[in-house]
Amino acid sequence: MTENQLLDDSDEESHDSEDISRDYLRISLVLSFLTQKELSINLVDPILPFEVSLLKLITRVTDGTRTEIDLNSIKVTPGRLVGGEFTFECDKSMPLTYYLEPLVLLMPFASKPTIVTLKLPNYADKSTGKAGSLGDEFLNNEYYSSLECFSSVSTILLQLIGCTCNFKYKEPFEAVFSCSPVKKVVPINLTKSPKVKRVRGSVTVRNIQPNLGKRAIIGAKKVLDIVCDNSFIYLSSPPGKFKPYLTMSLIAEGTNSCIFTSNLTVSLFSDSSTSNHVSAYPTEGVDSIASSAGSNGPSKSGTSSLKKILNLIEKSASSSIHDSSNATSKVATGANTCNASVSGSNTSTDNANSNTNTVANANTHTLNINTTNKCTNRNTTSSPPGHKTSSNTVDEGLMEKCERMGEQCARRLCSEISLDSVVDTCHEHLFLFFMALAEDHRVSQIRLSKLTRYAVHYLRFIRTYLGVVFKFEELEDEKVLIVKCIGSNYQNINIESF
């Protein structure tokens, strides 16, 4: 990978009318608090609800922070990172990892241990019993990172710099993050090619049949069993009145503190409010598991799904009974006509023509059998060959989709491993951040396959705020990058010394 290719991959249209810090608000806030520099962002579009929620969260966990928001700008005067125990309700339009990432980067430099509980608003309205929105904007987003993947990567990273941390979560509605403060950051050295030891994962289904989750596991195991013999995926089906969805998270643990993650979330319902949303995974034919409200009020999606399937079976059964009764009446009419003609011929003959009478009776039975076969064939050929009932078609269609989803998630994990990096591309910017803050007595270096656009802008902000410049060394034989830097030797001035 040459320097020109790196710049071409990370090139982005310039924003002349609006400060680029608006697009990377989390990076700007984190570096502003670490360097104690005032942050000012010019606005063209109105500020969004999740941005307001993020600013409130940062203000809550700090002391002395002053935030000013008007129609044209955002101005933040950073305060002191104090830590402590907090509970905050986040905006539902973004996942909890959006709010959790700045805390992971900032709270190790607080003055005392921190315990932060992040929650999304209540989804089930107790008065109406209506299933609440799950944030459909991010559920099918390919950049959505589940709490399990993010917490696994963050745990390994914080342990590398000498920080003890703990994550507890209820995917994706609640997360508890706790960590202890550190005085300084230990330099990071991850340059060896990793080997994957094991693959662990989880599948979570809500308000849908657990069999769909099992099929997703089967699809993932088809791919993983070829490359790794130590893989395990567990299934969970937590209760609650929520819109039906299925999420899968896969984590590959390697040698030398290397980790790779992959996750995929599919919202399995059809709603007019999300008709313009483009899903990362096709969801046609899944209306049978949608949450629907009857005449007496809303009901659970699983119950409505069962009712729809039973109704389809009853309709198909009644139609088949009706067709068979019509066929029987037609057969009986044909048989009576034939019998009448045969009996007339029998009365006009004498006993000497008994052989002819026997042949006529045999022909009557033959005609009766042929008529029945024709009616049966007419009923069978009324539907195309290989046609199944509606309930079976919907059920098998969902099973196949969930199985393909598992295969897609597993193949994405294998593609991340094949890049021969030490961390997946979704979380590589976290390692670069702590490398810039590390001690300067030793060079920090890491092995990466390629830099995403987000990581490139992260490096630009680091150079602007901290003055740290990274050096890239390409290994031609292995087609990977060795990223090196000398840290800024950041000292935690907020920590309590006594």
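Sorted from fewest to most neighbouring beta carbons within 10 Å, what does the list Phe433, Phe472, Phe167, Phe260 look like?
Numbers: Phe433 24, Phe472 15, Phe167 19, Phe260 30.
Ranked by crowding around the Cβ, least crowded first: Phe472, Phe167, Phe433, Phe260.
The label-point distance for Asn256 and Arg442, in a model that sets each label 7 Å from Cα toward Cβ, rounds to 1.4 nm.
Using a Förster distance of 35 angstrom, determine the FRET efficiency expected from the C-beta separation of Tyr234 and Thr452, and round it to 0.05. Provide the component values of the computation, followed by the final result.
Values: r = 30 Å, r/R0 = 0.86.
With R0 = 35 Å, the Cβ-Cβ based efficiency is 0.70.
Given N residues in the range 167-270, what is Rg(Cα) / (2.2 N^0.38 Å)?
1.33
In terms of other Cβ atoms within 10 Å, Thr65, Thr164, Thr204 run from fewest to most in the order Thr164, Thr65, Thr204.
Model label sites at Ser497 and Asn42, defined 7 Å from Cα along the beta-carbon direction, differ in position by 4.3 nm.
Using 0.36 nm per residue of separation minus the Cα-Cα distance, give me the extension gain between Lys222 and Lys471 in nm, one decimal.
Values: separation 249, 0.36 × 249 = 89.64 nm, distance 4.03 nm.
Additional length available on full extension: 85.6 nm.
The ranking of Ser152, Ser93 from fewest to most other beta carbons within 10 Å of each one's beta carbon is Ser93, Ser152.
Among the listed pairs Lys56/Lys92; Lys92/Lys221; Lys222/Lys479; Lys56/Lys484; Lys56/Lys243; Lys214/Lys243, a Cα-Cα separation exceeding 25 Å is found for Lys92/Lys221; Lys222/Lys479; Lys56/Lys484; Lys56/Lys243.
Read the figures in this text as sums done on the coordinates, not as results from a lab. Small disclaimer: the values here were computed from a predicted structure and weren't measured. Every residue, glycine among them, receives a Cβ derived from its backbone with ideal geometry; neighbour counts consider all protein chains shown.
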